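Chemist: Structure incoming, see below.
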Ligand SMILES: Nc1nc2c(c(=O)[nH]1)N[C@H]1C(S)=C(S)[C@@H](COP(=O)(O)O)O[C@H]1N2
Ligand SMILES: [Mo]
């Protein structure tokens, strides 16, 4: 009954029909504020990758890891669609079965994502339906049942397959998927713009502004990292769609009076502004997943006082709009440090990528245990009640920042001219403070670097050292001493489970 289609053509039909399935899924989600099926599957994948794979992805692709993952999913989908098409020369069943299986994966992922809407479920179903029908049609097998009765064999081609009609249908399905894809992209863009448009243009005033160091001390690294240069690390393939008018921050759990605060409630409260260095536990020695910003927000201790802390509470456990979680010891929120629910970053409302409408910032802790972006809930509980996202994935429950220093100048691979040269870098030991930075050239003695002004223990300090560079290959090594007297250890430790240690070294040629 069914006609035999040449393998190449069957593969091509699989490809265009697969593309239609995916882009139809994308268009439905893009215009309804849900994550695309690809991002939903990618998100579920991210939640399940073993620690070594996550570490490998970050160290190989850095902040492009999300793009690489998306691309990987698209390539896998394309290959499977081509293969399923090629396997459907005799009949469409293999392709349809594979498409239904992928829709099932999409459904399971949708069920797995806390941000899913009804459309997250509908999208893979409708996409798979469209893809299957498109495949059957391109293969010339779509015969209306009423015509089936009358004309059982309508094919005129020798193999019972009409090549011209095939190319026409394939072209049409291809053009349709390109159009759907473009419209879906526009929808994604609109969704991002809508998120951006919700951000207030300005921040409310604060009584006391944060202390900062002026520029010009460090030749390449500004003391305050601009928002568009601030590193971004999170598990979110697409930003959770937060409607700021409906958004609430709840503070509950082991408290006497649970709070539910709107964005305006936060803006109307007493706020502080502080310079705090944020650092990722995945930052390798010498890495760039560290940044220094002026954060504005409400002191967490004030909010907890208002809610009334139950004496049995142990952990400040927070959750984001996209279901990410983390937790840190309650003492840290109440030991006088400037742990805050931040709404501002460097003079603007929080950028979407950095957690709009609100996030936590806790001086002295790595981001993975403390710095929840797109914050929706702070629950006080006991350690045995809940574990933060990264803890069951092999990372330490506690994440105090380790004292570290980094060489920025010379840059990696920079050719240095002989003569006077200014070495430069940064050092951080949040909430302890950097007391000293020493630099060693080759096997020479440790020399004290000059430090930028000490405005707060919660932020990094920049360092410089003038040196008369001599021709040849040289290696510079840096180490910091914090205000507790601890000298940064030379012993190298990997980023997992609780942060890298070791001295940063850079080898370069002076000519
Ligand atoms: N919602 C959410 N918040 C999150 C994360 C995340 O994956 N999801 N990652 C954390 C980690 S590991 C770090 S290091 C900081 C990074 O904040 P940034 O992207 O603003 O630099 O955010 C933290 N907050
Ligand atoms: Mo992190």
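The values are calculated or read from the model by the stated rules, or taken from the named source; none is laboratory data. Everything numeric here is computed off the predicted structure, so don't read it as measured data. Please note: Cβ atoms are built from the backbone with ideal geometry, for glycine as well, and neighbour counts cover all protein chains shown.
Chemist: Working only within the range 88-101, note down all residues that are touching a residue at least 40 places away in the same chain (Cβ under 8 Å) and closer than 21 Å to residue 161 by Cβ. Steps first, please.
Modeler: Step one: of the range 88-101, the residues touching a residue at least 40 places away in the same chain (Cβ under 8 Å) are 88-92, 95-96, 99.
Listed by number, the residues that qualify are 88, 89, 90, 91, 92, 95, 96.
Chemist: Anything in the range 189-221 that is within 30 Å of residue 407 (Cα to Cα) and free of Cβ contacts under 8 Å to residues at least 60 places away in the same chain? List them, or say none.
Modeler: Keep residues of the range 189-221 that are within 30 Å of residue 407 (Cα to Cα), which gives 209-221.
Once the filter is applied, which keeps residues that are within 30 Å of residue 407 (Cα to Cα) and free of Cβ contacts under 8 Å to residues at least 60 places away in the same chain, the range 189-221 yields 214, 215, 216.
Chemist: Out of curiosity, is residue 435 surrounded by fewer than 22 Cβ atoms within 10 Å (Cβ to Cβ), without any contact (Cβ under 8 Å) to a residue 60 or more places away in the chain and over 18 Å from residue 290 (Cα atoms)?
Modeler: On the way: surrounded by fewer than 22 Cβ atoms within 10 Å (Cβ to Cβ): yes; without any contact (Cβ under 8 Å) to a residue 60 or more places away in the chain: yes; over 18 Å from residue 290 (Cα atoms): yes.
Answer is yes for this residue.
Chemist: Related question: Which pairs do you get when a residue that is closer than 17 Å to residue 457 by Cβ, found in the range 355-373, comes within reach of a residue that is within 10 Å of ligand 2 (Cβ to nearest atom) and not in a loop (DSSP other than H, G, I, E, B), reach meaning Cβ atoms under 7 angstrom, with the pair 6+ apart or on two chains?
Modeler: 361/278; 362/370; 366/279; 370/326
Chemist: Would you call residue 309 farther than 27 Å from residue 191 by Cα, within 16 Å of ligand 2 (Cβ to nearest atom), touching a residue at least 24 places away in the same chain (Cβ under 8 Å) and surrounded by fewer than 23 Cβ atoms within 10 Å (Cβ to Cβ)?
Modeler: Values: farther than 27 Å from residue 191 by Cα: yes; within 16 Å of ligand 2 (Cβ to nearest atom): no; touching a residue at least 24 places away in the same chain (Cβ under 8 Å): yes; surrounded by fewer than 23 Cβ atoms within 10 Å (Cβ to Cβ): yes.
So residue 309 does not fit the description; no.
Chemist: Something else now. With respect to residue 403, determine if the residue is away from ligand 2 (no atom under 15 Å from the Cβ) and within 15 Å of residue 498 (Cβ to Cβ). Reasoning before the result, please.
Modeler: Working: away from ligand 2 (no atom under 15 Å from the Cβ): yes; within 15 Å of residue 498 (Cβ to Cβ): yes.
Yes, satisfied.
Chemist: Okay, next question. Go through (1) touching a helix residue (DSSP H, G or I) at 6+ places or on another chain (Cβ under 7 Å); (2) within 16 Å of ligand 1 (Cβ to nearest atom); (3) not in a loop (DSSP other than H, G, I, E, B) one by one and return the number of the condition residue 237 breaks.
Modeler: If we test residue 237 against (1) touching a helix residue (DSSP H, G or I) at 6+ places or on another chain (Cβ under 7 Å); (2) within 16 Å of ligand 1 (Cβ to nearest atom); (3) not in a loop (DSSP other than H, G, I, E, B), just (3) comes out false.
Chemist: Continuing with this model, one more query. Please go through the range 258-296 and pick out each residue that is within 16 Å of ligand 2 (Cβ to nearest atom), in a loop (DSSP other than H, G, I, E, B) and touching a strand residue (DSSP E or B) at 6+ places or on another chain (Cβ under 6 Å). First the steps, then the outcome.
Modeler: Restricting attention to the range 258-296, the residues satisfying the condition of being within 16 Å of ligand 2 (Cβ to nearest atom) are 276-285, 287-293.
When the remaining residues are screened for being in a loop (DSSP other than H, G, I, E, B), the result is 280-285, 287-289.
Passing the criteria: 283, 285.
Chemist: Which strands (runs of 3 or more DSSP E) does the range 401-511 wholly contain that include 3 or more residues that are within 25 Å of residue 282 (Cβ to Cβ)?
Modeler: Fully inside the range 401-511 and qualifying: 404-409, 419-428, 461-469, 472-482, 504-510.
Chemist: Taking the condition over 17 Å from the mean Cα position of the chain (by Cα), away from ligand 1 (no atom under 16 Å from the Cβ) and surrounded by 24 or more Cβ atoms within 10 Å (Cβ to Cβ), does residue 425 pass? Outline the logic, then answer.
Modeler: Values: over 17 Å from the mean Cα position of the chain (by Cα): yes; away from ligand 1 (no atom under 16 Å from the Cβ): yes; surrounded by 24 or more Cβ atoms within 10 Å (Cβ to Cβ): yes.
Here the answer is yes, as residue 425 does meet what is asked.
Chemist: Right, next: Considering (1) touching a strand residue (DSSP E or B) at 6+ places or on another chain (Cβ under 6 Å); (2) on the phi > 0 side of the Ramachandran plot; (3) at pLDDT below 95, say which one residue 216 fails and leave the rest.
Modeler: Tallying (1) touching a strand residue (DSSP E or B) at 6+ places or on another chain (Cβ under 6 Å); (2) on the phi > 0 side of the Ramachandran plot; (3) at pLDDT below 95, residue 216 fails exactly one: (1).
Chemist: Can I ask one more? In this structure, does residue 323 turn out to be surrounded by fewer than 24 Cβ atoms within 10 Å (Cβ to Cβ), over 18 Å from the mean Cα position of the chain (by Cα) and on the phi > 0 side of the Ramachandran plot? Steps first, please.
Modeler: On the way: surrounded by fewer than 24 Cβ atoms within 10 Å (Cβ to Cβ): yes; over 18 Å from the mean Cα position of the chain (by Cα): no; on the phi > 0 side of the Ramachandran plot: yes.
Here the answer is no, as residue 323 does not meet what is asked.
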